[in-house]
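Colleague: The structure that follows is given in the form of structure tokens.
The values are calculated or read from the model by the stated rules, or taken from the named source; none is laboratory data. Quantities reported herein were computed from a predicted structural model and do not represent experimental measurements. In this analysis, Cβ positions are derived from the backbone assuming ideal geometry, glycine residues included, and neighbour counts consider all displayed protein chains.
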Amino acid sequence: MNESDYGREDARGYWAPDKLIDYGPVFDWPPRPGALARFFFGYPGYFLPSNGLYALLAVVIWIWLTPSLETMATLSPGWVLTVLARNLVLATVFIGAWHVWLYTFRKQGKVTKYNRDWPDVASSKFTFNDQTRDNMFWSLASGVPIWTAYEMLLLWGYARGTVPMITPSESPLIFFLLFLVIPIIHEAGFFVAHRLLHWPPLYRIAHAVHHRNTNPGPWSGLSMHPLEHLLYFAPTLLFLVIPSHPLHVINLISRLGLAPSQGHTGFDRIAFGRKGSVDSSYYAHYLHHRYFEVNYADGMIPLDRWFGSFHDGSPEAHERMLERRKRRGV
């Protein structure tokens, strides 16, 4: 793969894709039916690959890796520890695979890597003075247990009948539509929590732990202070009032636990073979880590555009960001 086919390196040594960040055609006006059809049913698109794969993963987790509702009706250490162990394995394997391929074996070197430096291994700002160890500690010691606590609460509620539950046989349309809405819940919930975490008192107490990663890697995605983890996984509580199925909770919470690694790889494309590559761009979120005050969300909902914090990677967007800073006296 030749990275010059996809982007360029600037004078400071940072690599950037040629393609500007956009939100897709969902909120375009006037509507473009052809573009909407390609967005929802094409590849890559809304369903495939990511949303469809996370839905399929939820099915696998529910059928083969989750205790029965009968077992979970009684709160006991056995099934709770089973769910915790399952989530620890999922996080370690999924996040670790990104890290091992790109950072341990360095299979594509620095090709399409936004920041050309590798993670810090001797920096006092990180726990253990090592970025990767720091990120793994916060992800596994705080992130996975809090992920599990939210999941346990909902699964226990379904099993006891205190959380409203539907089945695919009784409500097939609602059951299917909820899978389509879950990515939107994920994105909107993340934006709200993220903006809240940039409120200076919360930033200093909690979010600064995550933002130590100005050069993020896969383990950076879930590397957060426990207070941030509590806010980050909180959208799952919507299912306390939305009639749903354990599959929907597992779909949402496993996305919340695993997807950040994909969004923090630090690479725009993943190479395979000599010439092949796939687009894995999360450049919008990388720019957030680099500049802190832009792109609080990414996806199909133009929340940053509506709230004036959008940076599409263009020189014009960069000038607008600098102008906002100037007006604030920063």
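Colleague: Can you tell me how many residues within the stretch 197-215 are surrounded by 15 or more Cβ atoms within 10 Å (Cβ to Cβ), more than 17 Å from the chain's Cα centre (by Cα) and among the hydrophobic types (A, V, I, L, M, F, W, C)?
Modeller: Matching residues across the stretch 197-215 total 2.
Okay, residues lined up against (1) over 18 Å from GLY217 (Cβ atoms); (2) of a type outside the set (A, V, I, L, M); (3) touching a strand residue (DSSP E or B) at 6+ places or on another chain (Cβ under 8 Å):
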position: VAL111; (1), (2), (3): no, no, yes
position: ASP117; (1), (2), (3): no, yes, no
position: ILE146; (1), (2), (3): yes, no, no
position: TYR150; (1), (2), (3): yes, yes, no
position: LEU180; (1), (2), (3): yes, no, no
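Colleague: Condition first: of a type in the set (Ser, Thr, Tyr) and over 23 Å from GLY308 (Cα atoms). Can you find one or more residues in the stretch 170-192 that meet it? Spell out the reasoning first.
Modeller: Here is the first cut: in the stretch 170-192, the residues of a type in the set (Ser, Thr, Tyr) are 171.
Applying the additional criterion that residues be over 23 Å from GLY308 (Cα atoms) yields 171.
Scanning the stretch 170-192 turns up at least one residue that is of a type in the set (Ser, Thr, Tyr) and over 23 Å from GLY308 (Cα atoms).
For every residue, the table says whether it meets (1) of a type in the set (Phe, Trp, Tyr); (2) surrounded by 15 or more Cβ atoms within 10 Å (Cβ to Cβ); (3) closer than 30 Å to TRP101 by Cα.
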{"position": "ASP279", "(1), (2), (3)": "no, no, yes"}
{"position": "HIS285", "(1), (2), (3)": "no, yes, yes"}
{"position": "MET300", "(1), (2), (3)": "no, yes, yes"}
{"position": "PHE307", "(1), (2), (3)": "yes, no, no"}
{"position": "PHE310", "(1), (2), (3)": "yes, yes, no"}
{"position": "GLY313", "(1), (2), (3)": "no, yes, yes"}
{"position": "GLU323", "(1), (2), (3)": "no, no, no"}
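Colleague: Within the set of pairs 6+ apart or on separate chains, which have a first residue in the stretch 73-84 that is not polar (S, T, N, Q), a second that is not in a helix (DSSP H, G or I), and C-beta atoms under 8 Å apart?
Modeller: TRP79/PRO67; VAL83/THR66; VAL83/PRO67
Colleague: Something else about it: Take the stretch 238-280 and flag every residue that is of a type in the set (Ser, Thr, Tyr) and out of contact with any strand residue (DSSP E or B) (no Cβ under 6 Å at 6 or more places or on another chain).
Modeller: Taking the stretch 238-280 as the starting set, the residues that turn out to be of a type in the set (Ser, Thr, Tyr) are 244, 254, 261, 265, 277, 280.
Selection gives SER244, SER254, SER261, THR265.
Colleague: Right, here's the next one. Give TRP118, TRP101 a once-over and let me know the one that is of a type in the set (Phe, Trp, Tyr), surrounded by fewer than 19 Cβ atoms within 10 Å (Cβ to Cβ) and not in a helix (DSSP H, G or I).
Modeller: Details: TRP101 fails: not in a helix (DSSP H, G or I).
Unique residue meeting the criteria: TRP118.
Colleague: What number of residues within the stretch 24-38 satisfy the criterion of being touching a Phe, Trp or Tyr at 6+ places or on another chain (Cβ under 6 Å) and part of a helix (DSSP H, G or I)? Show your work before the answer.
Modeller: We begin by selecting, within the stretch 24-38, every residue touching a Phe, Trp or Tyr at 6+ places or on another chain (Cβ under 6 Å); these are 24-25.
This time we only want the ones that are part of a helix (DSSP H, G or I), so: none.
Residues flagged as touching a Phe, Trp or Tyr at 6+ places or on another chain (Cβ under 6 Å) and part of a helix (DSSP H, G or I) within the stretch 24-38 amount to 0.
Colleague: Here's another thing I want to ask about it. What residue, among those in the stretch 125-174 that are assigned to a helix (DSSP H, G or I) and in contact with an Asp or Glu (Cβ under 7 Å, 6 or more places away or on another chain), is surrounded by the fewest Cβ atoms within 10 Å (Cβ to Cβ)? Spell out how you get there, then give the answer.
Modeller: Of all residues in the stretch 125-174, those assigned to a helix (DSSP H, G or I) come to 127-129, 131-160, 172-174.
With the extra rule that they be in contact with an Asp or Glu (Cβ under 7 Å, 6 or more places away or on another chain), the set shrinks to 127-128, 131.
Numbers: THR127: 17, PHE128: 11, GLN131: 25.
Filtering the stretch 125-174 for residues that are assigned to a helix (DSSP H, G or I) and in contact with an Asp or Glu (Cβ under 7 Å, 6 or more places away or on another chain), the one surrounded by the fewest Cβ atoms within 10 Å (Cβ to Cβ) comes out as PHE128.
Colleague: Which condition does ARG328 not pass, out of (1) touching a Leu at 6+ places or on another chain (Cβ under 8 Å); (2) modelled with pLDDT under 95, if it passes all the others?
Modeller: Checking ARG328 against (1) touching a Leu at 6+ places or on another chain (Cβ under 8 Å); (2) modelled with pLDDT under 95, the one that fails is (1).
Colleague: When only residues in the stretch 47-70 that are assigned to a helix (DSSP H, G or I) and either of a type in the set (Lys, Arg) or without any contact (Cβ under 8 Å) to a residue 60 or more places away in the chain (or both) count, which is surrounded by the most Cβ atoms within 10 Å (Cβ to Cβ)? Walk me through how you get there before you give the answer.
Modeller: First pass over the stretch 47-70, keeping only residues assigned to a helix (DSSP H, G or I): 50-64, 69-70.
Of the ones still in play, those that are also either of a type in the set (Lys, Arg) or without any contact (Cβ under 8 Å) to a residue 60 or more places away in the chain (or both) are 52-53, 56, 60, 63-64.
Working: GLY52: 14, LEU53: 11, LEU56: 11, VAL60: 12, ILE63: 9, TRP64: 8.
Restricting to residues being assigned to a helix (DSSP H, G or I) and either of a type in the set (Lys, Arg) or without any contact (Cβ under 8 Å) to a residue 60 or more places away in the chain (or both), the top hit is GLY52.
Colleague: Considering only the stretch 85-99, state which residues are within 14 Å of GLY217 (Cα to Cα), more than 15 Å from the chain's Cα centre (by Cα) and among the hydrophobic types (A, V, I, L, M, F, W, C).
Modeller: Listed by number, the list holds a single entry, ALA97.
Colleague: Taking the options LEU231, LEU252, LEU258, LEU227, name whichever one is over 13 Å from the mean Cα position of the chain (by Cα), part of a helix (DSSP H, G or I) and surrounded by 20 or more Cβ atoms within 10 Å (Cβ to Cβ).
Modeller: On the way: LEU252 fails: over 13 Å from the mean Cα position of the chain (by Cα); LEU258 fails: over 13 Å from the mean Cα position of the chain (by Cα); LEU227 fails: surrounded by 20 or more Cβ atoms within 10 Å (Cβ to Cβ).
Only one candidate passes the filter, namely LEU231.
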